[in-house]
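Before any comments, here is the structure.
The values are calculated or read from the model by the stated rules, or taken from the named source; none is laboratory data. What you see is a predicted model, and the numbers here were worked out from it, not measured in a lab. Counting neighbours? That spans all protein chains shown, and the Cβs are built from the backbone with ideal geometry, glycine included. Accessible surface is based on the protein model in full, side chains and every heavy atom, while ligands, DNA and RNA are left aside. Shrake-Rupley method; radii C 1.70, N 1.55, O 1.52, S 1.80 Å.
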Amino acid sequence: MQQINYDELIPNNVNLSGDRRLQRALEKWHPGYIDWWMSMGPDGFQASQVYLRTAVSVDPKGWANFGFVKMPDYRWGIFLAPAEEGRTVGFGRHKGEPAWQEVPGEYRAPLRRLISIQGDTEPASVEQQRHLGKTAPSLYDMRNLFQVNVEEGRHLWAMVYLLHAYFGRDGREEAEALLQRRSGDEDKPRVLGAFNEDTPHWLAFFMFTFFTDRDGKFQLESLAQSGFDPLSRTCRFMLTEEAHHMFVGESGVMRVVQRTVDAMNEAGITDPHDVNRIREMGVIDLPTIQKYMNFHFSVSADLFGSEMSTNAANAYTMGLKGRYKEEKIDDDHQLHDSVYPVLKLVDGEFRWVEEPALNALNARLRDDYVKDCAAGVKRWNKVIEKAGIEFTLEIPHIAFNRQMGQFSDVHATPKGDILDDAAWEQRKDEWLPSSDDETYVHSLMKAVTEPGEYAGWIAAPKVAIDSKPGDFEFVRIAS
Amino acid sequence: MALKRQHLIDPEVCIRCNTCEETCPIDAVTHNEDNYVVDPDICNYCMDCISPCPTGAIDSWRMVKAAYGIEEQFEWDELPEEAEYTDEELAEASGDAANDAGGVRSGSDPDEVDEILQRARAGQGGKAVPPPSAAHPYINVYTRDAPAVARVVGNYRITESQAGSDIHHVVLDFGSQAFPVLEGQSIGIIPPGEDARGRPHHVRLYSVASPRDGERPNHNNVALTVKREITEADGQRFPGVASNYICDLQKGDEVKVTGPFGNTFLMPNHPEANIIMVCTGTGSAPFRAMTERRRRRMADAPGKLMLFFGARTPQELPYFGPLRKLPERFIDINLAFSRVPEQPREYVQDRMRLRSTDVAALLPDENTYLYICGLKGMEDGVKEALEAICSEHGLDWTVLASTMRESGRFHVETY
Ligand SMILES: [Fe+2]
Ligand SMILES: [Fe+2]
């Protein structure tokens, strides 16, 4: 068997070489991971040289090292954000006690569950995106895709590290299971719904990174509050990478919008609903972009679970999972008597109902998420406005197209009007991508592999990464 | 009032991910609902926030007389236009910088630099003057005693890995120090340490490969094109001290820089100017800078750009990829390769002869400026080609050369 120096192979700041037991566990896990990457990671391009960012340490200078690397040789490291001296649990029953460096025995099961759910989403998205390399609209975009993929791979490592280091045999089994489940597989699907949907093309990919990765950001933000210090530090470092995924989504959609409005202006088309003429130019009309937003937003909103949740309340009280920006919230951080307004359907009407804040934590996290999404959408609208086109992209009503939570059994339009089943069936193609829309978007997906060139449906980025010129050869495909 | 370089965040590119605010050790970054901004009263240019930013939005800079306050920045949808400053204002800024650095700005290059430049310009056949429309150059703002300290922000190989020559594209950032440099000027780099006899190393000059507003527009940085020099003698390899030092620099390293130097090998600024550029290898650096200046500022100028560029193979030609992307109507590119297997050896002068009629039509035009840059070895061949081209068209190169030189239209720098 080939000897691998794991201390060198896995850049880390957890003193891996000083923990023989852990090192052995990861050594055992590593070949399975590589197998998984080769069979379920990006389809093709595994021998290509990709200009990737690799974290080699956690200080500002060390975690953005750019260079050409073949994806299977990427150094998936284990990094925890620097420890905060004297950190205490910030909320719940244990508020003010020193943060835990080991798992409290009574919280073992719920903590492991939180970590494995988070861990499960990481490889899932790589699986969902595995075919996209072949239709990348540019080498720059291809590189961004692969960067997201290797970092999701690293996030899996991060969660597996926690499972191995702190959860003994159960943890090792869980880590193994993370490699066994498959996105969209009937027998052993990934845990959460949205992670079993295919990411069929690049518009979906940009929407996914904008809306669905952003759910990841909010989950990580609330886990970063955890009283279990190693989890908190792990998540804090993951958030720096997650920011790149948000960027790929936000700038990706923005460039699609930019190209569309530019093409419309070049052709003198002022009506954004003149879909046929706009599509004749090979760009994606704004109403179709809106439909994809509707779809990806609603599917991602489901990831927050039921608005009212005792599991979430328990995790909070136990000090395992906090609120978004917990430290900036001015209250008792225990939620003894506080209330939180939750949008509900009461007698066929949407109404804000005050609920015990402790039970409404999922609703609150989702509301924070929606605000964050809206800020990005505002930027997209600036592009449209600047081009002088009259159209506004909008986040759909929270009750639109939901499978989870209290709106899962009603139908609502993106504006929030209630519909009966028949009306929904009849009209849903107005709001969600129809098979015609899918066919059209698919027809645009042709690989562009000439450095500095971009597919006709997407604008070049305003700045490329790492101060590289736009025509830099971000992926050397044939090497 | 003195100019200052202000650190800003591009609101069109920023995705409000909070990474910079999280990273900043002194809380200079803050935000409102729309924008993340840098507080000019707090930021000390430590650059910690630059590399973690996933978008590059953080790497935005403006020269300003009065800094934009955070309230103003909160309202921006996009960065303000870069203001144009007069020579006097820039002079003041660089004067301040020189004074800050304890240096003196004088009208001539220091002796050690002057010697190098004299040798490089020998092929010109006489003293050159700058093009009348050239911008006013600042020289010797930073000296050996008071150098500028630049930080490496990029360093990568631009010749293919199989190619014999290892040429690097190196980008240096000057932070808040003003470093006014024009296309065609050089900067000096002093390798650290001492030579075998315990003396400090000689300064090496490198012509900047980026235009005056920076490798990236509005960035206080310059690009260099540096070939790793390795001489072989008696079966031993002797790596050149300066070039190997530069090619091995890592991102984040600090480098001592002197200059700028050179006040004649400069580009004309008027749009009618035709520019003929003849170069080999890294001699392309000043022409990359000039071409980029024209592309950024007057892509539709009536003056012609004509480039003759030689290398052994396409793989060894620096900037081969980007060059191919420039449209024909913008620049007339003629490449010559001397070592392509199974093809006759071709040198820049051969390409010039092929374009004899076009070159001869341009040369006598008083709007035409001719520049030669590269290895000493190219000089004779190019001169012979110019003689032949002229005599074919009833011109006398010897006469024309001195007329052109005296009117700032003929420049040579070979090493
Ligand atoms: Fe992730
Ligand atoms: Fe992600």
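How many residues does the stretch A:11-25 contain that are open to solvent by 100 Å² or more (accessible area, probe 1.4 Å) and within 31 Å of the chain's Cα centre (by Cα)?
2
From A:V248, A:V257, A:V261, which residue is among the aliphatic types (A, V, I, L, M) and within 16 Å of ligand 1 (Cβ to nearest atom)?
Answer to the check: A:V248.
Would you check if A:T88 is open to solvent by 50 Å² or more (accessible area, probe 1.4 Å), away from ligand 1 (no atom under 16 Å from the Cβ) and touching a His at 6+ places or on another chain (Cβ under 9 Å)?
So A:T88 fits the description; yes.
Being farther than 30 Å from A:A313 by Cβ and within 14 Å of another protein chain (Cβ to nearest Cβ) is true for just one of A:Y33, A:Y51. Which residue is that?
A:Y51
Please find, among A:V257, A:V248, the residue that is within 26 Å of A:K428 (Cβ to Cβ), open to solvent by less than 10 Å² (accessible area, probe 1.4 Å), within 14 Å of another protein chain (Cβ to nearest Cβ) and touching a residue at least 60 places away in the same chain (Cβ under 8 Å).
Of the residues listed, the single one that is within 26 Å of A:K428 (Cβ to Cβ), open to solvent by less than 10 Å² (accessible area, probe 1.4 Å), within 14 Å of another protein chain (Cβ to nearest Cβ) and touching a residue at least 60 places away in the same chain (Cβ under 8 Å) is A:V257.
Do you know which of the residues in the stretch A:138-149 that are touching a strand residue (DSSP E or B) at 6+ places or on another chain (Cβ under 6 Å) and away from chain B (no Cβ under 14 Å) is nearest to ligand 2 (Cβ to nearest atom)?
Out of the qualifying residues, it is A:F146.
Would you say A:F472 is buried (at least 16 other Cβ atoms within 10 Å of the Cβ) and within 14 Å of chain B (Cβ to nearest Cβ)?
yes
Cβ-Cβ below 8 Å, separation at least six or inter-chain, first residue in the stretch B:220-231 and in contact (Cβ under 8 Å) with a residue 60 or more places away in the chain, second open to solvent by 50 Å² or more (accessible area, probe 1.4 Å) and among the small types (G, A, S): which pairs?
B:N220/B:S176
Is one or more of the residues making up the stretch A:224-238 within 14 Å of chain B (Cβ to nearest Cβ) and outside any helix (DSSP H, G or I)?
Looking through the stretch A:224-238, at least one residue is within 14 Å of chain B (Cβ to nearest Cβ) and outside any helix (DSSP H, G or I).
Inspect all residues belonging to the stretch A:220-238 and state whether any of them is within 13 Å of ligand 2 (Cβ to nearest atom) and among the polar types (S, T, N, Q).
no
Just to be sure, is A:E176 closer than 30 Å to A:G18 by Cα and within 16 Å of ligand 1 (Cβ to nearest atom)?
no
With respect to B:G381, is the statement that it is small (G, A, S) and either within 14 Å of chain A (Cβ to nearest Cβ) or within 27 Å of B:L205 (Cα to Cα) (or both) true?
yes
Condition (residue is surrounded by fewer than 18 Cβ atoms within 10 Å (Cβ to Cβ) and either out of contact with any strand residue (DSSP E or B) (no Cβ under 8 Å at 6 or more places or on another chain) or at pLDDT below 85 (or both)) applied to the stretch B:14-25: is it met by at least one residue?
Yes, because at least one residue in the stretch B:14-25 is surrounded by fewer than 18 Cβ atoms within 10 Å (Cβ to Cβ) and either out of contact with any strand residue (DSSP E or B) (no Cβ under 8 Å at 6 or more places or on another chain) or at pLDDT below 85 (or both).
So is A:A194 more than 12 Å from ligand 1 (Cβ to nearest atom), outside any loop (DSSP other than H, G, I, E, B), more than 14 Å from chain B (Cβ to nearest Cβ) and more than 30 Å from A:E97 (Cβ to Cβ) or not?
Considered against the rule, which asks whether it is more than 12 Å from ligand 1 (Cβ to nearest atom), outside any loop (DSSP other than H, G, I, E, B), more than 14 Å from chain B (Cβ to nearest Cβ) and more than 30 Å from A:E97 (Cβ to Cβ), A:A194 comes out as yes.
Scan the stretch A:98-148 for residues that are away from ligand 1 (no atom under 16 Å from the Cβ) and part of a loop (DSSP other than H, G, I, E, B) and jot them down.
Residues satisfying the conditions are A:A99, A:Q101, A:E102, A:V103, A:P104, A:H131, A:A136, A:P137, A:S138.
Name, by its number, the condition in (1) more than 14 Å from A:A25 (Cβ to Cβ); (2) away from ligand 2 (no atom under 12 Å from the Cβ); (3) away from chain B (no Cβ under 14 Å) that does not hold for A:E173.
Evaluating A:E173 over (1) more than 14 Å from A:A25 (Cβ to Cβ); (2) away from ligand 2 (no atom under 12 Å from the Cβ); (3) away from chain B (no Cβ under 14 Å) leaves (1) as the failure.
For the stretch A:350-401, how many residues are more than 25 Å from the chain's Cα centre (by Cα), more than 14 Å from every other protein chain (Cβ to nearest Cβ) and assigned to a loop (DSSP other than H, G, I, E, B)?
Counting residues in the stretch A:350-401 that are more than 25 Å from the chain's Cα centre (by Cα), more than 14 Å from every other protein chain (Cβ to nearest Cβ) and assigned to a loop (DSSP other than H, G, I, E, B) gives 4.
Given the options A:V346, A:V342, A:V299, name the one that is surrounded by fewer than 17 Cβ atoms within 10 Å (Cβ to Cβ) and either over 15 Å from A:D215 (Cα atoms) or aliphatic (A, V, I, L, M) (or both).
A:V346
Could you please find all residues in the stretch A:110-137 being open to solvent by 10 Å² or more (accessible area, probe 1.4 Å), away from ligand 2 (no atom under 15 Å from the Cβ), closer than 30 Å to A:F228 by Cα and touching a Ser or Thr at 6+ places or on another chain (Cβ under 9 Å)?
Of everything in the stretch A:110-137, just one residue is open to solvent by 10 Å² or more (accessible area, probe 1.4 Å), away from ligand 2 (no atom under 15 Å from the Cβ), closer than 30 Å to A:F228 by Cα and touching a Ser or Thr at 6+ places or on another chain (Cβ under 9 Å), namely A:L114.
Is the stretch A:197-212 home to any residue that is under 30 Å from A:Q101 (Cβ atoms) and either within 14 Å of ligand 2 (Cβ to nearest atom) or within 14 Å of chain B (Cβ to nearest Cβ) (or both)?
No, the stretch A:197-212 contains no residue that is under 30 Å from A:Q101 (Cβ atoms) and either within 14 Å of ligand 2 (Cβ to nearest atom) or within 14 Å of chain B (Cβ to nearest Cβ) (or both).
Taking A:E97 as the residue in question, decide whether it is touching a Ser or Thr at 6+ places or on another chain (Cβ under 8 Å) and under 24 Å from A:L220 (Cβ atoms).
So A:E97 passes the test.
Counting only residues that are over 14 Å from A:N12 (Cβ atoms) and either aromatic (F, W, Y) or out of contact with any Leu (no Cβ under 9 Å at 6 or more places or on another chain) (or both), how many does the stretch A:70-84 have?
Counting residues in the stretch A:70-84 that are over 14 Å from A:N12 (Cβ atoms) and either aromatic (F, W, Y) or out of contact with any Leu (no Cβ under 9 Å at 6 or more places or on another chain) (or both) gives 6.
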